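In what follows, a structure is listed as structure tokens, so that the remarks can point back to it.
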Amino acid sequence: MKNNRKVVIIGAGFVGASIAYALTLKNSTDEIVLIDKNNNSAKGEALDINHGVSLMGSSYVHCGNYEECKDSQIIILTAGKHRDNGQTRMDLAKENIEITKNIISEIKKYYNGALILVISNPVDIITTLVTEMMGLPDGMVFGSGTLLDTSRLTCKVAEYMNLRPTEINCFVVGQHGECSFPVWSKSTVKGLSIDEYCKSNNLLWNDTIKGHINNSVRIMGADIISAKGKTQYGIATCVCLLVDLILNNKSTIVCVSSLLKGEYGIKDISLSVPSIVDKNGVHKIFNQNWLDSEFSSLREIGISLSEEYKNLINFH
Ligand code: NAD
């Protein structure tokens, strides 16, 4: 591990700047570099964020160019088109594939061992592309995947049960957004299965309620975009957690997106499943014991996304 905890964020729009801001509050980094094709805007965001640092934390935030990648430990990709109201993440694929290809060719000129964390959407497609283009050891490229969906699910379940989110242990797997689903068979409330908890508290817990919660999680991003035009803070907090694990040598199990190589019967596409993330990136992918229906749902998502990826890549 190098001494300087340096993060490069490519794309200084709403998401990139929010990540930089959250990182300064968390104080997990020593240096944050913002790179954007609009250098002036990156400069303004960096100055604005940097001007709060003396009051809280010590990170140095500045804008820069791709040469900054050479001594960074994490490169975060947030550049590209964001969804407008009514668009799906897949609607961004063609344009964001092109943008990412150009960015990766710039990164490669200076690349010197950093982990690469993908946020740009569709995140599972872009993570697969970056993994293929970089050709790094397993786990060094990964996407935020369903970490945000998992956080959203935790909030919804906690709300339904009138508990604090910290009491709930549940997770979402699959493709970030519309094709994600919670692994209910492994969800607990402080160690009790949700079925058991609800039964003993006279709370209804059936397929209709689960379906309703699952659906609200899937469309939550779209709901936020329809209300305010963008999403930024939830994802920034998720990225902050991941950066803190990596730079400060901690490790935890989270659902993030990385290239599957036969796990859960899926190959050659990135999807989110429970994984250990530590200073090496995705250190281990778990093959958990789920219900048959949960396994089949993940496999269906894998087959369909893998086809879409091949079509998109052949198109270019
Ligand atoms: P934004 O439009 O505010 O910012 C995108 C930035 O990328 C802009 O500043 C633009 O100048 C820059 N950019 C575009 N092409 C570039 C290039 N070739 N080189 C360098 N910079 C370039 O969008 P946003 O709201 O910040 O969203 C960014 C991405 O993050 C989108 O793809 C969005 O869908 C995605 N996102 C992902 C999640 C997630 O959970 N994975 C959550 C929210 C948003």
Equivalent-ellipsoid semi-axes (√(5λ), Cα gyration tensor) for the range 1-72, whole Å, largest first? 17, 16, 9
Hey, what angle do you get for helix 93-110 against the long axis of the chain, alpha-carbon based, 0 to 90 degrees rounded to 10? 50 degrees
Points 7 angstrom from Cα along the Cβ direction at residue 62 and residue 159: gap in nanometres? 4.3 nm
Using the Karplus equation 6.51 cos²θ - 1.76 cosθ + 1.60 (θ = phi - 60°), what ³J(HN,Hα) coupling, rounded to whole Hz, does each residue of the range 197-204 give in order, writing x for Gly and Pro? 4, 5, 4, 6, 10, 6, 9, 5
Once you treat every alpha carbon in the chain as an equal point and sum by Debye, what is log10 I(q)/I(0) at q = 0.10, 0.12 Å⁻¹? -0.55, -0.79
With a/c under 1.5 counting as rounded, go ahead and sort the range 50-143 into rounded, prolate or oblate using the C-alpha gyration tensor (a ≥ b ≥ c being the square roots of the eigenvalues; past the cut-off, prolate if a/b is larger than b/c, else oblate). oblate
Assuming a viscosity of 1.567 mPa s and a temperature of 4 °C, what translational diffusion coefficient in µm² per second does Stokes-Einstein assign to the range 134-189, Rh being the Kirkwood radius over Cα pairs? 104 µm²/s
For residue 166 and residue 284, what does the FRET efficiency come to when R0 = 25 Å and r is the distance between their Cβ atoms, rounded to the nearest 0.05? 0.50
Once the Cα gyration tensor of the range 156-277 is found, what semi-axes does its equivalent ellipsoid get, as square roots of 5 times the eigenvalues, in whole Å, sorted largest first? 25, 19, 17
Selected from 204, 92, 23 as most flexible by GNM, with the chain as the system and alpha-carbon contacts under 10 Å: 204
For every helix of n ≥ 4 consecutive DSSP H residues, a contribution of -39,500 (n - 2.57) applies; sum these over the chain, divide by its total residues, and give [θ] at 222 nm rounded to the nearest 500 deg cm²/dmol. -14000 deg cm²/dmol
When the Karplus curve 6.51 cos²θ - 1.76 cosθ + 1.60 is applied with θ = phi - 60°, which whole-Hz ³J(HN,Hα) does each residue of the range 168-180 get, with x for Gly and Pro? 9, 10, 9, 8, 10, 10, x, 9, 3, x, 4, 10, 10
I'd like the orientation of helix 292-315 relative to the chain: the angle between its Cα long axis and the longest Cα principal axis, in ° from 0 to 90, rounded to 10. 30 degrees
Among 259-270, 112-123, how do they line up by average Cβ neighbours within 10 Å per residue, starting with the highest? 112-123, 259-270
In nm, the gap between the two label points placed 7 Å beyond Cα toward Cβ at residue 261 and residue 88 is 3.0 nm
Lysines with Cα under 21 Å of residue 190, excluding same-chain neighbours fewer than 8 positions away: 156, 199, 210
Using only Cα atoms, find the angle between the long axis of helix 233-247 and the longest principal axis of the chain, and express it within 0 to 90 degrees, rounded to the nearest 10. 70 degrees
Please give the FRET efficiency for residue 134 paired with residue 212, using the beta carbon to beta carbon distance and R0 = 35 Å, rounded to the nearest 0.05. 0.30
Residues 171, 286, sorted so that the one with the fewest Cβ neighbours within 10 Å comes first: 286, 171
GNM flexibility winner over the chain from 228, 101, 279 (Cα, springs under 10 Å): 228
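Laboratory data are not the source of any read-out in this text; all were calculated from the coordinates shown. Computed from a prediction, not measured in an experiment: that's the story for all the values here. Here the Cβ is made from the backbone with ideal geometry for all residues, glycine too, and neighbour counts use every protein chain on show.
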